[in-house]
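Take a look at the structure set out below.
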Amino acid sequence: MHNKIISWLNYILSFLGIASLVSILAVTGFYLKPDELNFFKVIIRIIIIFFIVQEVIRLILYKNVYNYLISRWFENLLAIILFFDLVFPELFLNLFSNLLPHLNLSQISLIYLGILPLGIIFSVITKGLRHSEFISKIKLNPGTVFVISFALIILTGTFLLLLPKAVPYGKTLSFVDALFTSTSAVCVTGLTSVDTSSCYTAFGKFIIMLLIQVGGLGIMTLTTFFAVFLTGGVSYKLKLMMQDLLDQDSIGAATTLLVRITVFTLAIESIGAVLLYLSLGGNFSSPNYNYIYTSVFHSVSAFCNAGFSLFKLNLMDASTQYNYNFLAVIMSLIVLGGLGFPVINNISTLNPFKRKTKRLRYQLTISSKVVIITTFCLIIFGTTIFYFSEPFAANPNFDFYGRYIHSIFLSITARTAGFNSVPTELLASTTVVILIFLMWVGGSSGSTAGGIKTATFSVILLTLWNLLKGKDRVEIFNRQIAEETIRKSLLIVFTSISILFIGFMLLLFLEPLKNPMDLLFEATSALGTVGLSRNLTFYLHTSSKYVVIFLMFIGRIGTLTFLLSFAHPPILARYSLPKENLLIG
């Protein structure tokens, strides 16, 4: 009888989660009449009452009350908060009014009604992650689950951007433009088929920011983090999947890394937002809420290497193009986001002051050293080329320091960030070719960046260098690179070039009147999840937009991961054949 009641309570909780989701979408996404809004207010109150009642029943049925309160602390705390909201309905509404004084009562009420059911939805999701039988039945490999999760986020984002309140009143957004924006945000690319600043409302821009954050971290990372933080754990099957996906030696190491990834991200983005706010002229004595929103959005976009901006001219806006402090913060966030979470995690463990510890160079892993050195060399290479070859360096409005800042900014943003502080369509041919190369290389493994990745590029260069020196193996920092790593690097380069070639040829076929160099630039930018464009994206035909969408999706997943997601598990041969050399080269 006890188990039957618990089972029914789980069904009720699932239904409450669905009802809460529908209520949030209705209240925040649609323009409701007063009577319709009052109807959903009543529905939300009923949902809250049922949630509190089922939590009380669970508490009564549970044998060990202390363990129950500890294991379900989030649900119990949420039930107490919602109970106080029922008893004192004006308490939290007044709190929101004090926190958001720049909003009117109607706007605060909508935000308030939207936030109330969120906790219930979180409760349902985390409980499902911890005990769901569906997860334990998944037979797909982690790469396939990774691909499917991103596809589901993109479709969800598309639906949210099609909500009436996501665009200005009276305007509509086509499905392909909503899908394009959602894909670009989730795949942290930054290419846009419509103007973000004018086409979307504050609600629509907030959705885009959430999609960038979720896409940058990955839905599996976020859900695992919240499940661990809110409920103390997740299902064993999900832990195994995350261990394989993150290539960790143990389940505990994978879970710890996920939590650290999320904490690092939120901490760096928070610091970046504060610095951007100050660079815009904001102060804390009299907060400027427009500056706060702008700073948070650009901090998330920069660290996730997304390239989305709230300014109509991106960072060519008058308030940012000559604001070198603002650009410096953006560059720092881009570099940190592009280094990759394993490198950031490694750097965070460095301790140069503790006695009897290894030197810093020995505390850094081989992967971290390769990533940092390659990143630094690519930035210097791009900056030098752009400073001496690019015509914008002769812009009379740019002094020596300004030319240097914009050169280094272009070199950094080309490696998957997508912000532009100078008009990309006016860049010289030399600059465009170098940009295409940098976009193709991209950032580092385990980061929000795209491209073939810096480590892959380094392995290919080292393989070629050792071949020229007559060595039969690849060595670096007194270590030998595994043959499997070299084969994987070659496969990544081959698949990347192949998919880029196919995408470029399709764009050439669909856009015969466009400049081929611009189309190659667009295809590389999409596959590298960069977001730079030579003023071409707005003018693409619908069929071409789908090609770019596909390239962005593959670029975020990774070309090799995308192809392997469709492959069967490897079959170990129980026999061997005579080896034969082929005439190649």
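The values are calculated or read from the model by the stated rules, or taken from the named source; none is laboratory data. Keep in mind that this is a model prediction, so the values were computed, not measured. For neighbour counting, all protein chains shown are included, and Cβ atoms are generated from backbone atoms with ideal geometry for every residue, glycine included. The protein model used for the area step is the full one, side chains on, heavy atoms only, and it has no ligands, DNA or RNA in it. Shrake-Rupley method; radii C 1.70, N 1.55, O 1.52, S 1.80 Å.
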Express in whole angstrom the spacing between the alpha-carbon centres of segment 150-184 and segment 286-335. 23
Enumerate by residue number the chymotrypsin sites (Phe, Trp or Tyr not before Pro) in segment 41-82 meeting two conditions: DSSP loop (anything except H, G, I, E, B), and at most 12 other Cβ atoms within 10 Å of the site's Cβ. none
Peptide ranges 75-81, 12-18 listed from the most packed, as the mean C-beta count within 10 angstrom indicates: 75-81, 12-18
³J(HN,Hα), Karplus 6.51/-1.76/1.60, whole Hz, each residue of segment 316-333, x for Gly, Pro: 7, 4, 4, 7, 10, 4, 10, 8, 5, 5, 4, 5, 5, 5, 4, 4, 4, 5
Could you check how much of the accessible area of segment 428-576 is carbon and sulfur, as a whole percent, using a 1.4 Å probe? 67
Which residues qualify? For residue 476, with a placed amide H closer than 5 Å and at least 5 residues away or on another chain, they are 481
Each label sits 7 Å from Cα toward the beta-carbon; between residue 88 and residue 397 the label points are separated, in nm, by 5.4
Karplus-derived HN-Hα couplings along segment 75-88 (A = 6.51, B = -1.76, C = 1.60, θ = phi - 60°), whole Hz, x at Gly and Pro: 4, 5, 5, 5, 4, 5, 4, 5, 5, 4, 5, 5, 6, 10
Greater than 21 Å separation of Cα atoms is the criterion. Which listed pairs, 33/171; 165/205; 171/205; 205/453, meet it? 205/453
For a protection proxy built on the mean count of beta-carbon atoms within 10 angstrom, sort 191-203, 458-470, 416-428 highest first, please. 416-428, 191-203, 458-470
How would you classify segment 446-526 from its alpha-carbon gyration tensor, with a ≥ b ≥ c the square roots of the eigenvalues: rounded for a/c under 1.5, else prolate if a/b is greater than b/c, otherwise oblate? prolate
Per residue, in Å², the accessible surface of segment 440-585 once ligands and nucleic acids are set aside, probe 1.4 Å: 61
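In percent, how large is the relative contact order of segment 438-499, given Cα pairs closer than 8 Å and 6 or more residues apart? Numbers along the way, then the final one.
On the way: 53 pairs, mean separation 15.2, N = 62.
So the answer I get is 25 percent.
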Each residue of segment 447-454 in turn: what ³J(HN,Hα) in whole Hz from Karplus with 6.51, -1.76, 1.60 and θ = phi - 60°, glycine and Pro shown as x? 10, 7, 7, x, x, 6, 5, 5
